[in-house]
1. Sort the stretch 126-180 into rounded, prolate or oblate with this rule: let a ≥ b ≥ c be the square roots of the eigenvalues of the Cα gyration tensor; rounded if a/c is under 1.5, and if a/c is not under 1.5, prolate when a/b is larger than b/c, oblate otherwise.
2. Set Lys and Arg Cβ to +1 and Asp and Glu Cβ to -1, take the dipole of the chain about its Cα centre, and tell me which of SER455, VAL279, VAL171 lies farthest positive.
3. Subtract the Cα-Cα distance of GLN326 and GLN78 from 0.36 nm times their separation in residues, and report this length gain in nm to one decimal.
4. Got a sec? Charge dipole of the chain, +1 on Cβ for Lys and Arg, -1 for Asp and Glu; which of HIS60, GLN350, PRO420 is way out at the positive end?
5. How big is the gap, in Å, between the Cα center of the stretch 38-64 and the Cα center of the stretch 168-230?
6. If Lys and Arg each add +1 and Asp and Glu each add -1, what is the summed charge of the other residues whose beta carbon sits under 14 Å from the beta carbon of HIS269?
7. Where the only charges are on Cβ atoms (+1 Lys, Arg; -1 Asp, Glu), what is the dipole of the stretch 170-244 about its Cα centre, to the nearest 20 debye?
8. Counting other C-beta atoms within 10 Å, which of THR391, THR282 has the fewest, and how do the rest follow?
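Values quoted throughout were computed directly from the atomic coordinates according to the rules given, and no laboratory measurement underlies them. Predicted model, so just to flag it, every value in this text is computed and none were measured. As a convention, Cβ positions derive from the backbone with ideal geometry for all residues, glycine included, and neighbour counts pool all protein chains shown.
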Amino acid sequence: MRRTQRTQVVGLLDTLEFDNRFTRELPADPESENFRRQVMGACYSRVLPTPVARPELVVHSREMAEELGIPESDVSSQAFAEVFGGNRIADGMDPFAMCYGGHQFGNWAAQLGDGRAINLGEIVNAEGHRWVLQLKGAGPTPYSRTADGLAVLRSSVREFLCSEAMHHLGVPTTRALSLVLTGEQVVRDMFYDGNPKEEPGSVVCRVSPSFIRFGNFQIFTSREDFDVLRQLVDYTIETDFPHLGAPSKDTYLAWYDEICRRTADMIAHWMRVGFVHGVMNTDNMSILGLTIDYGPYGWLENFDPDWTPNTTDAGGKRYRFGHQSQIAHWNLVQLGQAIYPLIEEVEPLQEVVNAYPRHFEAAWQTMMAGKLGLGSYVRKTDDELVSDLHTILQSAETDMTIFYRNLARVELSEITCDGPIPELLREAYYVEDQITPDLASRVNLWLRRYADRVSSEGNEARVELMHRTNPKYVLRNYLAQLAIDKAEEGDHTMISELLEVLRRPYDDQAAMESYAERRPDWARHRPGCSMLSCSS
Ligand code: AMP
Ligand code: MG
């Protein structure tokens, strides 16, 4: 087995302060060899990244580098590519993979774990913020099961760009620091249809205050290892929820309640921007309420609550856009069951999780009010206004992002019921033939009602609120795929260009109009643009 040298990386990362609390405070797997196994009684296994042939930095997030206190001159050094490609370990790092389980598509899957993620260490930056650095695709770990621990450029580009895009959209998310090509090829059968091919290997460095998932707790409860369960819960509360106070039964309940609220808030953001996660398994649910594990996710083009981007999910559509809140609720119930042994009373847990739909409803109403530019959501009038709009948006293929963005600027005083659909909204329609006189009159009728509803709101404030709620730029599925196509030919410019545009998703960027356009017709059924698989 090849070994990574623990060489000090001179001049790089030496200003960073590592404080590896997870490995210091939680039980470790005593086995130090790297082979696949069931790991009992431990939260993690120490494991080193597998060295790669020719690490080359493709792109990095300057905001993330700055947050971590890594100067740009360091980012452009070869040593940076070596560390974040997995070839070298900087002083102070203590690499490990976490043990977790999870429910996949509603079924308990037992031990999963960091099969291709290796945490390098935890940084506490100048402001005192804790950030865990994690390589995704840096080789096998004890949790890799039958897979190789690697990642391909296609999936790394999607993870890198989407994490940063979501951050700039104001959606709670894990972050990405860098994307490094390994100089090696990785074989993938993209659609599991017997057509494996070689793809460029790559490694993303993800960053988050914590990568702990619901599944990290579930695994110990499933094994009746309540001692480690309690250690991990107490650790999480003390590290990431210190405001809740010292661990106790009441603290556990308050903690669970906060997770429910954060999760509701995250899902409302997904609904706002048209994001479909695609694999909301309990091992992909962050304990901090962050969007985590960017796999076969997708962005709504035409507003279709039944859409799922994940080919594996095409049958049951469990993870479809409009079902995400219910799934989050189901996942939270599983988390409640995982922490039950620490509380030993069903009612208080039930009470907490039963409140989830109310948290989501409240977050959703605030979000919808923002999308329509309403100072506040008034159920009596707005429930019907919104549900009628949703019906209209589904009666012809209508681009959700363009419709809401442009709605702010429609001249509401000029709407007549027998007139055409306002030009600004026409841009949102995918199929010319679907813009019938009947559709036009329904849209215009709705606009008249909307105009009435907002007549008492200041117009400037309405437009301003809508413009900071409804992004102009999202990571459209086909744009990510075009960037990948080019990158696979060695041209990385579109990745950087997209990153740049997506840094300011709410601003009109004159030179970047084309990135805000509807999906072109050629992309309607193209793999990667309209359907994704878990193979990554
Ligand atoms: P996901 O569907 O990406 O959430 O992954 C589910 C489980 O499979 C997790 O335990 C992952 O670490 C593991 N996994 C996914 N892809 C790979 C891979 N290429 N090599 C090893 N483990 C993987
Ligand atoms: Mg996962």
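1. Working: a/c = 2.53, a/b = 1.52, b/c = 1.66.
Cα axes put the stretch 126-180 in the oblate bin.
2. VAL279
3. Numbers: separation 248, 0.36 × 248 = 89.28 nm, distance 4.62 nm.
Difference between extended and current length: 84.7 nm.
4. Working it through, the farthest residue towards the positive pole turns out to be GLN350.
5. 10
6. It works out to a net charge of +4.
7. Values: 7 positive and 11 negative charges, 46 e Å.
So the magnitude is around 220 debye.
8. Values: THR391 11, THR282 28.
Ordered by Cβ neighbours within 10 Å, fewest first: THR391, THR282.
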